[in-house]
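A.B. asks: Handing you a structure now.
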Amino acid sequence: MFKEIKKRFATDDVEVKRPDLYKVGIKYTRLFELVHMLRDEYEYKTLNAITCTDWIEEGHFALTYMLTTLDRKHTFMIQTMINREDAHAKTFSHEFKQAQIMERDLHEMYGIDFIGNENLKELSLENWIHTPPLRREFDTLEFVNNHLTFREGRDDNVDTKAETKRLRALKKAAKEAAKKAKEEAKAQKPKDEKIKEGGG
Amino acid sequence: MIVVDLLLMLVVAYAVGFLYYGLYRNITARFQRRFGPPVWQSFIDSIKFFFKEESTSHGWMFYLGPVIMMSGAIMTLFFIPFFTVGDTFQGLSQYGNAFVILYLLVLGPLGNALGVGTGGSPFGAMGITRGLTRLFAMELPFYIAVIAIMSLSGSADIATIASEQTTFNAFAYPLLFIAAMISFIGMMGQSPFDVPGAPVEVYSGPASEFSGKFLALLMSQSAIFTFAKLVLMVHLFLGGASGFLELLLKTFILFIVVIAFGAIYGRFKTPQAVDFLLKVPTTIAVVGLILATWS
Amino acid sequence: MEHNGFIQEQKTLEGDLNSDTSHKNSVDFLMNWFRKRSIFVLAYGTGCGAIEMPPTFTSRYDAERLGIRGAATPRQADVIIVSGYCSYKTLRRIIRTYEQMSNPKYVLALGSCTVNGGMYWDSYNTIKKLEDYMPVDMYVNGCMPRPESILEGFIALQKEIGEGKASSWQKYEENYEFYRKNQEAVLGKKVEPSYDADWYLYDGGL
Ligand code: SF4
């Protein structure tokens, strides 16, 4: 199977991650062909998930399609790259119905346009007008600081990090002191024992 | 004079109804091993709702629903005499008989259906549909039992039926009593027949769109109606009452039986409830009727 | 005998409730008394806190002994519990539900998420301070507050109602512009969610 894939799709990126998990990386143009092949010839009938990773330095998104056999024992990861700017891909919703909502989610979170998907409305971010939040150029902290107000702390507020450090140092000192005391007690112990024996 | 009598009847029914509702909540709580609310909790609730502001409007028909229900309940109450003897607390019973009461029993739900239908809430419409479906199945055994009792005692007058029982009808004709009792549990809105107002299925159904004073009206209505129905059952099957103590005792025993069923059983689905009511109590009622006329 | 501790607890809780004396006249006092002794809580939960409410209302903690009881629809409810973080999508529904309730109405906010964002303090999709968007009568902090503290919060709220101090619904009406501005700042111009059947049927669901 691997040999055939390697030969047919001219790729070297084939890997056995686990006995039940194979991975192959191919060009986007050959994606459909490979998925059809796996589905029709190799029992990988179900689309489990579509995930996306943002490689901002290289300038592309990595789309991963997970195909699973019907007995849920083997999974095939197909990884393919698409351009980051003007990100678009063709939809899988005609082959697999479940792809519709997965693509809708990716569209919401990364702004990838899935051509042919009839409903790409946002799922949980209603009326979202900013950058899609899971793209890495979206700075969450900055966004939060700009758009939302925080409650001012109380007057007796303490810096938790410094406070923990201080408490830890105190604890350590106490522990060492206890250790010392113990050692001293140990040094005295033989004497005590002797007394005890004498007493017995 | 009769006006004073009627007013007194209303006051008594209101007070006792709310007392029973409070007891109902408390006893159910004890069934569930809880402490439960105080006895007057239902009364507090209803008064609080009278103090709330109205914020919804669905047109006058919507507001007429609770009013029709309330008048249905009050009319039912007035046509049922509290006692079999004496002149007080007789209401309008000399002007009407059991047929009038049977008719008035369904007036409330129908009026409510008209009102809720105009309010846009889909849950209200669902609750009403459930309620009317159940009502249709519930009445059949009840009517059979009541009409059997009427023909057996040869009178349609409630007080006559009540006072003519040498042994209680409940023991003389147990099958009729059981059939009427099963549908009576449904009439009181208790499990397993509480399909119209199921809170987790249709969000309290017909009442889902009412707020404030109208909800308070609905609560008072159900308190009064409950007492009226209890008195009716006592008259038909338990020999009526000649004094307040007897009346309260008998109605309370009946009420305890009903709420014990309500606390123990889960809820039927609507088709299940209709199925059950049309099969089991109806059969029992018919068999009871045949047996009673045979002997 | 075995119930003694329980009755004691009940007495302490109710003693707390009955101790208020600051009322203007007897009608006010009566009205507030009825209001505080009968609280219908909307069965609505957001965030993790919703899981703490069932034990509060059922046999173990039994809030009904204090007159606190669940209501199925906002029309019948007096109190809405915002039980945890609110994402923007939830906030829309909360505001809509809150506006459907009839006066007087109160808001009880649970958990540190409603106070200052809690563990979601740097999330782009949850609000940090609930009182910017709707008035809040009582905060119960903790992550998550246990049923005991929820009951305490209810008692405190009841006390405020009894004294006539809990008037957040008036605040909302008077400062509507302010709240609306804040709501629009995070939710966009259209604050209310669309609520038609086609929302479910024709929009692809959800
Ligand atoms: S305060 Fe804690 S428990 Fe409550 S919603 Fe936030 S994270 Fe969840």
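A.B. asks: Could you rank B:287, B:234, B:39 by how accessible they are, 1.4 Å probe, largest area first? Please list the in-between numbers first.
C.D. replies: Details: B:287 65, B:234 0, B:39 45 Å².
Of B:287, B:234, B:39, the descending order of accessible area is B:287, B:39, B:234.
A.B. asks: When DSSP beta bridges are limited to those with both residues in the protein assembly as shown, what percentage is antiparallel, rounded to the nearest 5? Intermediate values should be presented prior to the final figure.
C.D. replies: Working: 23 of 45 bridges.
So the antiparallel bridges in the protein assembly as shown amount to around 50 percent.
A.B. asks: Can you give the angle from 0 to 90° between the axis of helix B:270-294 and the longest principal axis of chain B, with both taken from C-alpha atoms, to the nearest 10?
C.D. replies: Helix B:270-294 and the main axis of chain B meet at about 20 degrees.
A.B. asks: Taking 0.36 nm per residue of sequence separation and subtracting the Cα-Cα distance, how much length would be gained by fully extending the chain between residue B:54 and residue B:7, in nm to one decimal?
C.D. replies: On the way: separation 47, 0.36 × 47 = 16.92 nm, distance 2.80 nm.
Using 0.36 nm per residue and subtracting the Cα-Cα distance, I get 14.1 nm.
A.B. asks: Sequence gap at least 6, Cα distance under 8 Å: using those rules, report the relative contact order of chain B to the nearest whole percent. Can you show the working numbers first?
C.D. replies: On the way: 456 pairs, mean separation 80.5, N = 295.
Once divided by the residue count of chain B, the mean separation gives 27 percent.
A.B. asks: Could I ask something else about it? Give the relative contact order (percent, whole number) for chain A; include only Cα pairs under 8 Å separated by 6+ residues.
C.D. replies: Numbers: 225 pairs, mean separation 24.1, N = 200.
Reported as a whole number, the value is 12 percent.
A.B. asks: Using 7 Å Cα-to-Cβ label points, what is the residue C:8/residue A:142 separation (nm, one decimal)?
C.D. replies: 6.1 nm
A.B. asks: Let me check I've understood the local charge: for residue C:129, count other residues with C-beta under 13 angstrom from its C-beta, Lys and Arg +1, Asp and Glu -1. What total comes out?
C.D. replies: Numbers: positive: A:151, C:128; negative: A:152, C:131, C:132.
With Lys, Arg at +1 and Asp, Glu at -1, the neighbours total -1.
A.B. asks: As a test of the formula, what do you get for chain A when each DSSP H run with n ≥ 4 contributes -39,500 (n - 2.57) and the sum is divided by the residue count, at 222 nm and rounded to the nearest 500 deg cm²/dmol?
C.D. replies: Numbers: 5 runs with 79 residues, N = 200.
-13000 deg cm²/dmol, from helical runs alone.
A.B. asks: Which residue, chosen from B:264, A:167, B:100, occupies the Cα position most advanced towards the positive end of the dipole of the protein assembly as shown, where the dipole is computed from +1 (Lys, Arg) and -1 (Asp, Glu) charges on Cβ about the Cα centre?
C.D. replies: A:167
A.B. asks: Further question on the same structure: Pairs C:129/C:165; B:213/C:171; A:172/C:128; A:175/C:129; B:48/B:269; A:97/C:89: which exceed 30 Å Cα-Cα? Working shown, then result.
C.D. replies: On the way: C:129/C:165 22 Å; B:213/C:171 23 Å; A:172/C:128 37 Å; A:175/C:129 42 Å; B:48/B:269 33 Å; A:97/C:89 26 Å.
Violating the 30 Å limit, Cα to Cα: A:172/C:128; A:175/C:129; B:48/B:269.
A.B. asks: For chains A and C, what's the summed buried accessible area, probe 1.4 Å, to the nearest 100 square angstrom? Could you put the intermediate results ahead of the total?
C.D. replies: Working: alone 14480 and 11410 Å², together 23950 Å².
That pair of chains buries around 1900 Å² in total.
A.B. asks: So, with +1 on the Cβ of K and R and -1 on the Cβ of D and E, and no other charges, what is the size of the charge dipole of the range A:36-133 about its Cα centre, to the nearest 20 debye?
C.D. replies: On the way: 9 positive and 17 negative charges, 80 e Å.
Dipole size: approximately 380 debye.
A.B. asks: Further question: Rank A:113, A:54, A:86 by mean-square fluctuation in a GNM of chain A with C-alpha springs under 10 angstrom and give only the top-ranked residue.
C.D. replies: A:86
A.B. asks: Would you mind getting me the FRET efficiency between residue A:159 and residue C:116? Use the beta-carbon distance for r and R0 = 22 Å, nearest 0.05. Display every interim value, and only then the final one.
C.D. replies: Working: r = 16 Å, r/R0 = 0.72.
The computed FRET efficiency comes out at 0.85.
A.B. asks: Given a 1.4 Å probe and the protein chains all in place, what does the accessible area of residue C:33 round to, in Å² to the nearest 10?
C.D. replies: Estimated to the nearest 10 Å², residue C:33 gives 70 Å².
A.B. asks: Is the range B:1-148 best put as rounded, prolate or oblate by its Cα gyration tensor, with a ≥ b ≥ c the root eigenvalues, rounded for a/c under 1.5, and otherwise prolate when a/b is larger than b/c, oblate when not? Write out the running numbers ahead of the final one.
C.D. replies: On the way: a/c = 1.40, a/b = 1.14, b/c = 1.23.
Rounded shape, in that the Cα axes give a/c under 1.5.
A.B. asks: Same structure again: With the other protein chains left in place, how much accessible area per residue, in square angstrom, belongs to chain A at a 1.4 angstrom probe?
C.D. replies: On the way: 13460 Å² over 200 residues.
Result: 67 Å² of accessible area for each residue.
A.B. asks: Farthest toward the dipole's positive end in the range C:22-187, which of C:57, C:112, C:27, given Cβ charges of +1 (Lys, Arg) and -1 (Asp, Glu) about the Cα centre?
C.D. replies: Going by the charge dipole, the pick is C:57.
A.B. asks: Please provide three numbers in whole Å: the alpha-carbon extents of chain B along the principal axes, with the largest listed first.
C.D. replies: Cα extents, longest axis first: 58, 47, 41 Å.
A.B. asks: Of the residues B:76, B:167, B:270, which exhibits the maximal mean-square fluctuation in a Gaussian network model of chain B defined by a 10 Å Cα contact cut-off?
C.D. replies: Comparing B:76, B:167, B:270 in the GNM, the peak value goes to B:167.
A.B. asks: What FRET efficiency would be calculated for the residue pair residue A:88, residue C:149, taking the C-beta separation as r and a Förster radius of 56 Å, to the nearest 0.05? Let's see the in-between values first.
C.D. replies: On the way: r = 51 Å, r/R0 = 0.91.
Computed FRET efficiency for residue A:88 and residue C:149: 0.65.
A.B. asks: Still on this model: Cα atoms only, the range B:61-172: Rg and Dmax in Å?
C.D. replies: Both quantities, over Cα of the range B:61-172: 16.8, 53 Å.
A.B. asks: Sticking with this one: Using only protein heavy atoms and a 1.4 Å probe, report how much of residue B:129 is accessible, in Å² to the nearest 10.
C.D. replies: The accessible area comes out at roughly 80 Å².
A.B. asks: Keeping all protein chains in place, calculate the accessible area per residue for chain C (probe 1.4 angstrom), answer in Å².
C.D. replies: 45 Å²
A.B. asks: Averaged over its residues, how many other protein chain Cβ atoms are within 10 Å of peptide A:124-131's Cβ atoms?
C.D. replies: On the way: counts 6, 5, 9, 8, 4, 1, 1, 1.
Counting other chains' Cβ atoms within 10 Å and averaging over A:124-131 gives 4.
A.B. asks: Dividing the Cα convex hull volume of the protein assembly as shown by residue count, how many Å³ per residue is that?
C.D. replies: 319 Å³
A.B. asks: Taking the DSSP beta bridges in chain A as the whole, what percent of them are antiparallel, to the nearest 5? Mind showing how you got there, number by number?
C.D. replies: Values: 22 of 31 bridges.
Antiparallel: roughly 70 percent of the beta bridges in chain A.
A.B. asks: When the accessible area of the protein assembly as shown is computed with all protein chains present and a 1.4 Å probe, what percentage of it is carbon and sulfur?
C.D. replies: Numbers: 21010 of 34970 Å².
Carbon plus sulfur share of accessible area: 60 percent.
A.B. asks: Now for a separate question. In percent, what relative contact order does the range B:148-295 have, based on Cα pairs under 8 Å that are 6 or more apart in sequence?
C.D. replies: Details: 133 pairs, mean separation 58.9, N = 148.
It rounds to 40 percent for the range B:148-295.
A.B. asks: At 1.4 Å probe size, with no ligands or nucleic acids counted, give the accessible surface of residue C:59 in Å², nearest ten.
C.D. replies: 50 Å²
A.B. asks: Given the options A:164, A:64, A:91, state which has the largest fluctuation in a GNM of chain A using a 10 Å cut-off (strictly under) for Cα springs.
C.D. replies: Among A:164, A:64, A:91, the largest mean-square fluctuation in the Gaussian network model of chain A belongs to A:164.
A.B. asks: Between residue A:128 and residue A:27, 0.36 nm times their residue separation minus their Cα-Cα distance comes to what?
C.D. replies: On the way: separation 101, 0.36 × 101 = 36.36 nm, distance 3.19 nm.
So the extension gain works out to 33.2 nm.
A.B. asks: If each DSSP helix of 4+ residues adds -39,500 (n - 2.57) and the sum is divided by the residues in chain B, what number results at 222 nm, nearest 500 deg cm²/dmol? The partial results should precede the final answer.
C.D. replies: Details: 13 runs with 212 residues, N = 295.
The helix-only estimate for chain B comes to -24000 deg cm²/dmol at 222 nm.
A.B. asks: Please get the size of the charge dipole for chain B, origin at its Cα centre, with Cβ charges of +1 on Lys and Arg and -1 on Asp and Glu, quoted in debye to the nearest 20.
C.D. replies: Numbers: 14 positive and 13 negative charges, 164 e Å.
With only Lys, Arg, Asp and Glu charged at Cβ, the dipole is about 780 debye.
A.B. asks: While we're on this one: Quick one: grab Rg to one decimal and Dmax as a whole number for the range A:38-179, Cα atoms only, in Å.
C.D. replies: That works out to 23.6, 73 Å for Rg and Dmax.
A.B. asks: Please name which of A:21, A:101, A:116 has its Cα lying farthest along the dipole of the range A:2-138 towards the positive end, using unit charges on Cβ (Lys, Arg +1; Asp, Glu -1) and the Cα centre as origin.
C.D. replies: Value: A:21.
A.B. asks: Next up: Hey, if you drop one equal point scatterer on each alpha-carbon of the range C:58-101 and run the Debye formula without solvent, what base-10 log of I(q)/I(0) do you get at q = 0.13, 0.28 Å⁻¹?
C.D. replies: Log10 I(q)/I(0), no solvent term: -0.37, -1.01.
A.B. asks: How far apart, in nanometres, would the label points at residue B:143 and residue B:106 be if each is projected 7 angstrom from Cα along the Cα-to-Cβ direction?
C.D. replies: 0.5 nm
A.B. asks: Highest mean first, how do B:84-95, C:150-161 rank when packing is the count of other Cβ atoms within 10 Å averaged over residues?
C.D. replies: The peptides rank, most packed first, as C:150-161, B:84-95.
A.B. asks: Where a ≥ b ≥ c are the square roots of the eigenvalues of the C-alpha gyration tensor, would you call the range C:22-187 rounded, which needs a/c under 1.5, or, failing that, prolate if a/b is larger than b/c, or oblate? Present the calculation step by step, with values, prior to reporting the outcome.
C.D. replies: Numbers: a/c = 1.85, a/b = 1.24, b/c = 1.49.
The shape class here is oblate.
A.B. asks: Could you work out the helix-only [θ] at 222 nm for chain C, with each DSSP H run of four or more residues adding -39,500 (n - 2.57) and the total divided by the number of residues, to the nearest 500 deg cm²/dmol?
C.D. replies: Values: 9 runs with 91 residues, N = 206.
It lands at -13000 deg cm²/dmol.
A.B. asks: Give me the base-10 log of I(q)/I(0) for the range B:186-295 at each q in 0.16 Å⁻¹, Debye formula, one uniform scatterer per Cα, rounded to two decimals.
C.D. replies: For the requested q values the scattering log ratios are -0.96.
A.B. asks: So, one more: Evaluate the charge dipole of the protein assembly as shown about its Cα centre and quote only its size in Debye, nearest 20, assuming +1 on the Cβ of each Lys and Arg and -1 on the Cβ of each Asp and Glu.
C.D. replies: Details: 75 positive and 77 negative charges, 408 e Å.
It comes to approximately 1960 debye.
A.B. asks: Can I ask one more? With solvent modelled as a 1.4 Å probe, how much accessible area in total do chains C and B shield from it at their shared surface, in Å² to the nearest 100? Before the final figure, lay out the partial values.
C.D. replies: Numbers: alone 11410 and 13470 Å², together 22430 Å².
Approximately 2500 Å², summed over both chains.
A.B. asks: Continuing with this model, one more query. Would you mind getting the accessible area per residue of chain B, heavy atoms of the protein chains only, 1.4 Å probe, in Å²?
C.D. replies: On the way: 12250 Å² over 295 residues.
Roughly 42 Å² per residue, with all protein chains present.
A.B. asks: For the range B:139-208, which GluC sites (Glu not before Pro) are both in a DSSP coil and crowded by at most 16 other Cβ atoms within 10 Å? Show your work: numbers first, answer last.
C.D. replies: Details: sites: B:139, B:164, B:201; in loops: B:164.
Of the GluC sites (Glu not before Pro), the ones in loops of the range B:139-208 whose Cβ has at most 16 other Cβ atoms within 10 Å are B:164.
The values are calculated or read from the model by the stated rules, or taken from the named source; none is laboratory data. These figures come from a predicted structure and were not determined experimentally. All Cβ positions, glycine included, derive from the backbone under ideal geometry; neighbour counts span all protein chains shown. These area figures cover heavy atoms from the full protein model, side chains too; ligands, DNA and RNA do not enter into them. Shrake-Rupley method; radii C 1.70, N 1.55, O 1.52, S 1.80 Å.
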